[in-house]
Structures are given as structure tokens and as C-alpha cells.
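Enquirer: Supplied in C-alpha cells, the structure appears directly below.
The values are calculated or read from the model by the stated rules, or taken from the named source; none is laboratory data. Keep in mind the model is a prediction, meaning the values are calculated, not measured. A quick note on method: Cβ atoms are made from the backbone with ideal geometry, for glycine too, and the neighbour counts reach across all protein chains shown. For the accessible areas, the whole protein counts, side chains as well, though only heavy atoms, and no ligand, DNA or RNA atoms are used. Shrake-Rupley method; radii C 1.70, N 1.55, O 1.52, S 1.80 Å.
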Amino acid sequence: MPDAASGASPALTPHLQQSVQALAAARTEVEVLDATLRPAIKALGALAGTVLLIDEDAQSLRMAGHVGYDPGTLTIWQDGPLDDPVPAADVLRTRQARYFEHAGALKAAYPELEARTGAVAAVASAVLPLFLDGRPLGSLVLDFKEPHVFTPEERMFLRTLATHCTLALDRAGTLQRVTQRLEARDRIREEEVRTHEAFIAFTEAVGSELDLPTLVRQAIVVLQRRFPEASVGYYEEDRQRGVWNARIWSDDVDPATVVVLSADLPMFAQMLQRRQPVFANTWNDEPAAHDVAAQAYGAIVHYPLTVNEELHAVLSIAFRGHHPWTEADRALVRGVGLGLNVALERTHTARQLMLQNAELQARTQALAAFADLTRDLALTTDPLLLIRRAQEIVMSMLADGAALYYVPEGDRWQNHSQHGDLHSPALQAVVDAGLSLNETKNLLTPWTTGQPHFQNVYDQTTDQLAPNVEHIGATATLPLRVGGSMIGVLAFVLFHQRAWSSVDRVLLETAVQSLELALDRAAKTRKLEEERVALQAFMRFTEVVGSDTDVQVLVRQAITLLEETRSVDVTYFERDGELFKVRSWNPALPPELLVRLQTGLPHSQPGLARARQERQAVFEDHWDAAERGIPEGGSMACSPSSHSSRVWR
């Protein structure tokens with residue numbers, strides 16, 4: 001008689017009770033399947049048994065567990081799509097158990113099954129569906145090596161066992177999900193603790209660490225502990241090329257992929273324009289998402305790092321897969337970004353202070369050197385000597401090179417002072433012959449703009465001197481002034497390329513300023529000395545005038561006075577009939593001119609005629625010998641600033 005509680009026969013009841021107790025104690029899927037199959041096999045004398053469960057995708061069946069099959073034995077119960085025409089799937093569609101009690105019965109029902117699976121069906125089999133609250137979970141299978149007629153009691157036993165198995169699977173699944181949630185929560189908490197500790201360490205480092213790359217790498221550690229699925233890149237702008245280059249990135253990113261996270265993206269451009277962090281929940285927000293390397297990423301953020309409202313760097317974070325931004329995520333990114341920004345500003349300030357200190361030291365060094373120059377040459381009024389010593393001082397502070405001083409004369413630049421070898425006889429010959437005024441841009445630029453001109457890499461087309469300048473690396477040319485007026489250009493030539501730093505510029509500009517002060521002092525000293533000499537000579541002349549009445553003596557004394565004080569040629573004429581003939585002159589007068597003046601000049605000579613007409617001193621700033629009818633005086637042609645001007649009296 002069947003057991004009243006279970007509907008099973010008394011012979012099956014102990015097996016059912018054993019299974020139910022084992023299922024109640026089972027905690028995992030493996031334990032549930034073992035507690036189901038072993039009592040069933042023992043109770044019914046089956047060969048083996050298996051349970052196939054619907055996979056998580058609800059599209060296929062998988063063999064979750066089996067008992068009794070020899071290792072390596074292939075059976076017809078295999079993984080496969082849920083819509084396959086196989087017994088384990090059919091019982092789920094019909095919700096009815098299937099029993100194949102005699103040899104060939106299963107093959108008759110499924111003639112292609114053995115060929116499809118490559119296995120031989122058992123002599124007899126029982127296949128029962130596993131349902132929980134109308135939801136299919138899988139199938140329970142028992143195989144027999146002999147024909148087996150399933151009695152009503154056995155069928156009731158199997159149905160009851162299937163029910164308890166279903167409940168146990170549900171409980172085990174629930175327990176597994178709870179355990180997984182707890183483990184996930186614990187992992188999250190552990191990650192949060194580690195992230196918090198890393199963030200604290202990062203914020204402490206922000207207050208003391210001066211090496212920005214070290215801080216960036218520490219920031220990457222903080223971000224990846226919170227976002228292990230993220231890739232991080234740190235970008236700085238190459239201002240010469242106008243592009244953003246990745247300088248530091250997380251270890252999970254190869255250099256080729258780093259480029260995808262940067263300036264080619266419209267969102268990056270948006271961030272550059274707004275100077276604010278830009279978050280995107282999906283990479284598809286970026287039109288560049290078609291890029292092969294970009295397809296692996298989902299959410300992304302670009303965080304700008306600024307100094308004095310000027311963009312200096314960008315922190316970029318991209319997630320593999322889907323990752324919607326939460327407020328906590330955004331807050332962490334902003335916190336890390338703010339810390340990096342503080343560090344960047346401090347580093348920038350420290351760098352500026354170091355640069356200013358270096359500039360100050362360079363300025364002090366130059367001023368000290370020129371103070372020595374001024375002291376050593378206190379009695380020197382020769383401009384070229386001062387310039388040459390200044391060239392020596394500057395070149396002692398620079399690398400291998402040469403210094404030259406050019407003055408424009410007519411349509412040429414003439415080299416008036418040089419320190420150092422140009423390492424090219426051909427170039428030296430060209431320099432000595434004079435350079436074209438308008439084609440030598442390296443000299444013309446500072447002369448016309450009044451500003452220093454630096455070339456880190458000397459452009460050989462600048463001065464039209466190729467191929468004699470192939471060994472020139474860098475150049476600097478600076479205008480030289482005295483009394484506010486330009487007098488020439490100082491040129492410094494280096495035989496290697498040099499990125500002229502602000503320290504270099506301060507050094508050269510300070511040197512030129514100091515030289516200008518020395519030249520101005522020398523000019524004033526020279527002028528005072530000339531005035532002193534002139535005054536002494538004039539006093540001697542007045543003494544002669546007061547005691548001597550001989551006109552020729554007085555004239556010669558006047559000639560001596562003018563020659564010594566003004567560096568001019570002086571002649572004295574007296575009228576002789578229709579001519580004016582020279583009677584006294586300074587010894588330096590050219591012989592051919594002296595002969596012409598002794599022969600005499602007519603009254604109509606322009607200078608004489610004007611003096612006779614105006615009855616006062618006549619000063620002429622421009623002397624044209626041919627126009628004056630005295631071709632022998634061609635060597636005395638002059639500019640307004642020279643001392644060869646003629647004075648007619």
C-alpha cells in the first residue's frame with residue numbers, strides 16, 4: 001500500500017525520506033542534484049541519472065549534474081538549445097513526464113537522436129519536468145539497463161522527488177544569490193575602504209609632493225581602485241604643434257589606444273571650450289565611436305586641469321562596457337581632479353619661482369661681470385674696446401660660438417668687432433667683405449624693430465649665406481643703442497642648436513643694457529674731455545689774442561685750436577685780386593687740394609660768394625667737391641654728422 005503522506009509505496013518511503021532530508025540540508029546546486037539522484041537511482045534500481053537545467057539565458061539546456069555514468073561515457077543527454085526536439089526539452093513544453101519502458105521505445109520516438117548525439121540510448125528511461133510556480137527549471141532523467149515498467153507508486157515517487165528537487169534548487173539559487181550579493185557588497189565595501197585609503201594618501205601627497213608625474217600615477221591608482229574597469233590617461237598640450245599628447249596612462253592601455261581617448265573626440269573639444277568636466281554615459285555619445293579601439297569603451301569623462309584659468313592638462317577616464325555615472329562617481333572624479341589641479345598650480349608656481357630665481361642669478365651674474373668691466377675700464381672711452389670686452393663676457397657664459405658687432409654703412413653691414421672663430425674661412429671672408437643691408441634679415445630684423453631676435457634653429461635662408469652656414473646651430477641678434485639712438489647690432493652665433501630659454505634671454509638683454517650704460521658713460525666722459533681740451537685750447541688762444549697783433553700768428557693759433565679740439569681741416573684765405581688764395585692751413589691738408597687752393601678760388605665760388613654776401617659765418621653740413629668746383633677736395637665729402645664740414649668766414 002502507498003504511504004499516506006507521500007503517495008509512495010512503503011518500500012520507496014525510506015528512500016524518499018532520505019532524499020528529502022538531504023535536500024533540506026543542501027546549500028548548493030551540486031548538493032541538491034546529488035541528494036536527488038542517488039536516492040532515486042537506489043530506490044528504482046536505475047543505471048544512472050542526470051539533471052538538465054535551463055541556462056541563465058533561458059535559451060538552452062545544460063547538463064548540471066549526473067550520477068552513475070562512467071567517466072568519459074557519452075550519453076544522449078547533452079547540452080543544447082531549448083527548442084531542440086529532444087525528450088528533456090519536450091517534457092518542458094508539454095509539462096508531462098515521459099516514460100520509455102522497453103528497448104527501442106525512446107529511439108522509436110526520436111529516431112535521429114542517437115545519430116545527432118553520437119550516443120546510444122539506454123534500454124529504459126524516465127524524463128520528468130521540473131517546474132516551480134509554473135516556471136520551468138529543467139528536467140530530471142533516470143536511465144535503466146534493463147526494461148523497466150514504472151508502477152504508479154514509482155511515478156508518484158518520481159513526481160514527489162522532482163517537486164522537492166525543484167524547491168531545493170530554488171532555495172539553493174536564492175541562497176547563492178544572497179551570498180553573491182553579500183560577497184559583492186563586501187567587495188564593494190573593501191573597494192571603498194581601499195579607495196578611501198588611496199584617496200587619503202593622494203590628498204596627503206597633494207600637500208607635499210612636488211613631482212607632478214608621481215601625483216598623476218597616484219591619482220590613477222585611486223581611480224582604478226574605485227573603477228577597476230576604467231582606463232585613465234593624462235594629457236598635456238604640445239603648443240608648438242597645437243595637439244594634445246598622452247604623457248601618462250594606466251597599465252591596461254596600450255599606446256595606440258591612448259590616442260583614441262584624446263583630442264580627436266568632439267567631447268574633448270567641448271571640454272576645451274567650456275573649461276569644465278564633461279561626462280558621457282556611453283561612448284556612443286561620441287561620433288568617433290566607430291573607431292575600432294573605441295568600441296571597447298562605454299562611459300567616459302574628460303577633466304580639464306587649469307592654471308590661472310589657462311588650460312594646461314587633461315585627465316581622461318574611459319570605462320570598458322556600460323557604466324552610468326552616479327553622483328558618487330562624479331564626486332570622486334572631481335575630488336581627484338581638484339587635487340591634481342592644486343598640485344599642478346603648486347608645481348607651476350614652484351617652476352616659475354625656480355625660473356625667476358635662475359633669471360635673477362643670470363641677471364646678477366651679468367651685472368657683476370659688467371661691474372668688473374666698468375671698474376677695469378673706468379678710464380676707457382673707446383666704444384669698440386667696451387664692445388669687445390662685452391662680447392668676451394657674454395661668450396664666457398654661453399657655449400661654443402662667436403660674437404660679432406655690425407654697423408650699417410651705406411648698403412652693407414660692416415663687422416667692427418669680433419670675438420671667437422667662425423669655424424669657416426669662407427664665411428669669415430664674406431663677413432669681412434660686408435653683408436647686404438637688406439638681405440641679412442638676422443641683422444635687419446632687430447635694427448628695424450628695435451627688439452632682440454632669437455633663432456633656436458638657425459634658418460640658413462635668413463641671411464642668404466648658404467652653404468657657408470651649415471655648421472651654425474642657433475643665433476641671437478640684439479640692437480645696440482646709445483643715447484636712445486641705434487648704433488649697431490650685436491650678433492651671437494652658436495655652433496649647435498639651442499632652445500633660448502628665458503634665462504638666456506635675460507642674460508643677453510641684461511648684458512646689452514649694461515653695455516649701453518657703459519657706452520653712454522664713455523660717450524659722456526669723452527664729450528667732457530673734449531670740452532675740457534677745447535676750453536684749455538681756447539684759453540691759450542685768448543691769451544695769444546691779448547698779447548700778439550700778428551694776423552698770421554693769430555690765424556695759425558686758431559687753426560691749431562680747431563684742429564686739436566674739433567678734428568677738422570682748417571684753411572685761411574686772403575683776397576688776391578679776383579681770387580681768394582690760401583695763406584694758412586693745417587698740416588693734414590691733402591697736397592693736391594693745397595696746390596689747388598694756393599692757385600686760388602674765384603669770387604663766384606659758392607661758399608665764398610655766400611660768405612661775402614651774408615657777411616657772417618656760413619656753415620655747410622653737406623660738402624660736394626664737384627658742385628663747389630674743387631674736385632681735388634673729393635676726399636673731404638662728408639655726412640652731416642662728420643667733422644669734415646666746411647666753415648666759410
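Enquirer: Determine, yes or no, whether Glu627 is loosely packed, with under 15 Cβ neighbours inside 10 Å, modelled with pLDDT of 65 or more, under 26 Å from Leu554 (Cα atoms) and among the acidic types (Asp, Glu). Write out each step before concluding.
Expert: Values: loosely packed, with under 15 Cβ neighbours inside 10 Å: yes; modelled with pLDDT of 65 or more: yes; under 26 Å from Leu554 (Cα atoms): no; among the acidic types (Asp, Glu): yes.
No; evaluated as a whole, the condition is false for this residue.
Enquirer: Here's another thing I want to ask about it. If we keep just the residues of region 299-333 that are open to solvent by 20 Å² or more (accessible area, probe 1.4 Å) and among the acidic types (Asp, Glu), which is nearest to Ser231 (Cα to Cα)?
Expert: The extreme case among them is Glu327.
Enquirer: Being surrounded by fewer than 20 Cβ atoms within 10 Å (Cβ to Cβ), out of contact with any Gly (no Cβ under 6 Å at 6 or more places or on another chain) and of a type in the set (A, V, I, L, M), is that true of even one residue in region 416-427?
Expert: Taking every residue of region 416-427 in turn, at least one turns out to be surrounded by fewer than 20 Cβ atoms within 10 Å (Cβ to Cβ), out of contact with any Gly (no Cβ under 6 Å at 6 or more places or on another chain) and of a type in the set (A, V, I, L, M).
Enquirer: Which of the residues belonging to region 73-113 are open to solvent by less than 50 Å² (accessible area, probe 1.4 Å) and of a type in the set (D, E, K, R)?
Expert: Asp84, Asp90, Glu101
Enquirer: Okay, moving on. What tally of residues in region 436-493 results from selecting those that are of a type in the set (S, T, N, Q), in a loop (DSSP other than H, G, I, E, B) and buried (at least 18 other Cβ atoms within 10 Å of the Cβ)? Step through it out loud before you land on a result.
Expert: Just the residues of region 436-493 that are of a type in the set (S, T, N, Q), to begin with: 436, 438, 440, 442, 445, 448-449, 451, 455-456, 460-462, 464, 468, 475, 477, 485.
Those still in the list that are in a loop (DSSP other than H, G, I, E, B) too: 438, 440, 451, 456, 460-462, 464, 468.
From what's left, buried (at least 18 other Cβ atoms within 10 Å of the Cβ): 440, 462, 468.
Qualifying residue count, region 436-493: 3.
Enquirer: Could you say which residue among Ala263, Ala219, Ala198 is open to solvent by less than 20 Å² (accessible area, probe 1.4 Å) and at pLDDT below 65?
Expert: Working: Ala263 fails: open to solvent by less than 20 Å² (accessible area, probe 1.4 Å); Ala219 fails: at pLDDT below 65.
When all the criteria are applied, what remains is Ala198.
Enquirer: Hey, another quick one. Name the one entry in Val20, Val32 that is touching a residue at least 40 places away in the same chain (Cβ under 8 Å), open to solvent by less than 20 Å² (accessible area, probe 1.4 Å), not small (Gly, Ala, Ser) and not in a strand (DSSP E or B). Full working, then the answer.
Expert: Details: Val20 fails: open to solvent by less than 20 Å² (accessible area, probe 1.4 Å).
Testing whether each residue is touching a residue at least 40 places away in the same chain (Cβ under 8 Å), open to solvent by less than 20 Å² (accessible area, probe 1.4 Å), not small (Gly, Ala, Ser) and not in a strand (DSSP E or B) leaves just Val32.
Enquirer: I would also like to ask the following. Could you grab me the full set of residues in region 415-469 that are in contact (Cβ under 8 Å) with a residue 40 or more places away in the chain and over 22 Å from Trp500 (Cβ atoms)?
Expert: His416, Ser424, Ala426, Asn468
Enquirer: Please go through region 132-148 and give me each residue that is modelled with pLDDT under 95 and of a type in the set (A, V, I, L, M, F, W, C), ordered by number.
Expert: Leu132, Leu137
Enquirer: Considering only residues that are touching a residue at least 40 places away in the same chain (Cβ under 8 Å) and either among the aromatic types (Phe, Trp, Tyr) or open to solvent by 40 Å² or more (accessible area, probe 1.4 Å) (or both), which ones fall in region 130-150?
Expert: Listed by number, the residues that qualify are Pro136, Phe144, Lys145, Pro147, Val149, Phe150.
Enquirer: Take region 390-405 and flag every residue that is touching a residue at least 40 places away in the same chain (Cβ under 8 Å) and either under 15 Å from Leu515 (Cα atoms) or of a type in the set (A, V, I, L, M) (or both).
Expert: The initial filter retains those residues of region 390-405 that are touching a residue at least 40 places away in the same chain (Cβ under 8 Å), namely 390-391, 393-395, 397-405.
Correct list: Ala390, Gln391, Ile393, Val394, Met395, Met397, Leu398, Ala399, Ala402, Ala403, Leu404, Tyr405.
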